[in-house]
Amino acid sequence: MMDAPTKAQEVKAALAAIFGIITVFIGWTGWLFVLWVFTMVLDWRLGVRRAKLHNEYSSDIAREGRWHKLSSFYVALLAGALDLLVQISAQLKMGFELPWHGAVLLPIVLIWYIFSEAGSIIENAAGCGAPIPNWLRKGIKEAQKKVDDPFDDSVLDIEHSASEDREE
């Protein structure tokens, strides 16, 4: 007979193996995408619940919200396409530099969207009556500020990096 700690270890090992195999196929950017879709669905469901709770539900507003979320998919696709463009141009040594040279745009865009959805989830949950810790609200707002402009010169020294690349 198996004791509880051994069974728990087996379950943990199985989950780690499953997530490891999935990560091989979708990578960490894929996990960001999964997390983003999860937060979008959660925000949408909470938003509908909040609107119904306050007798403010409108199919027009719901449709507008769905288009808003669908449009964010187009932005994510654009970010992925720009990542590909930057990689190809670097391999072809085309000689033009973009401010995000060497950066990966899609994960940054996904992280930005995840924090935006998290802020909206907090608002909708509070609107449904859930108590929200102040530190959580502040933390999400602070994270949104930091990811809002990851190419700010205070975060990345773009000019310095570009001049070093030209000297090589």
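Filter region 73-91 down to residues that are within 21 Å of the chain's Cα centre (by Cα) and small (Gly, Ala, Ser) and give me whichever is nearest to SER116 (Cα to Cα).
ALA76
Looking at ARG45, is it surrounded by fewer than 15 Cβ atoms within 10 Å (Cβ to Cβ), part of a helix (DSSP H, G or I), basic (Lys, Arg) and at pLDDT below 90?
no
Before we move on, is VAL37 over 25 Å from CYS128 (Cα atoms) and within 24 Å of the chain's Cα centre (by Cα)?
The answer is no for VAL37.
Yes or no, residue by residue, for (1) surrounded by 14 or more Cβ atoms within 10 Å (Cβ to Cβ); (2) assigned to a loop (DSSP other than H, G, I, E, B); (3) among the basic types (Lys, Arg):
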site: ILE108; (1), (2), (3): yes, no, no
site: TRP112; (1), (2), (3): yes, no, no
site: SER116; (1), (2), (3): yes, no, no
site: GLY119; (1), (2), (3): yes, no, no
site: ILE122; (1), (2), (3): yes, no, no
site: ILE132; (1), (2), (3): no, yes, no
site: TRP135; (1), (2), (3): no, no, no
site: LYS138; (1), (2), (3): no, no, yes
site: GLN144; (1), (2), (3): yes, no, no
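Since LEU46 meets every condition but one in (1) farther than 13 Å from LEU110 by Cβ; (2) without any contact (Cβ under 8 Å) to a residue 24 or more places away in the chain, which condition does it not meet?
It fails just one condition, (2).
Taking into account only those residues within region 48-72 that are surrounded by 14 or more Cβ atoms within 10 Å (Cβ to Cβ) and under 16 Å from the mean Cα position of the chain (by Cα), which is farthest from TRP112 (Cα to Cα)?
LYS69
Which one of GLU56, GLU64 is among the acidic types (Asp, Glu), assigned to a loop (DSSP other than H, G, I, E, B) and closer than 30 Å to ILE122 by Cα?
That would be GLU56, the only listed residue that is among the acidic types (Asp, Glu), assigned to a loop (DSSP other than H, G, I, E, B) and closer than 30 Å to ILE122 by Cα.
Against the definition (at pLDDT 90 or above, closer than 30 Å to GLY47 by Cα, of a type in the set (Phe, Trp, Tyr) and touching a helix residue (DSSP H, G or I) at 6+ places or on another chain (Cβ under 8 Å)), how does PHE115 come out, yes or no?
The answer is yes for PHE115.
The values are calculated or read from the model by the stated rules, or taken from the named source; none is laboratory data. Because the structure is a prediction, the values reported are computed rather than measured. Positions of Cβ are backbone-derived with ideal geometry, glycine not excepted, and every protein chain shown enters the neighbour counts.
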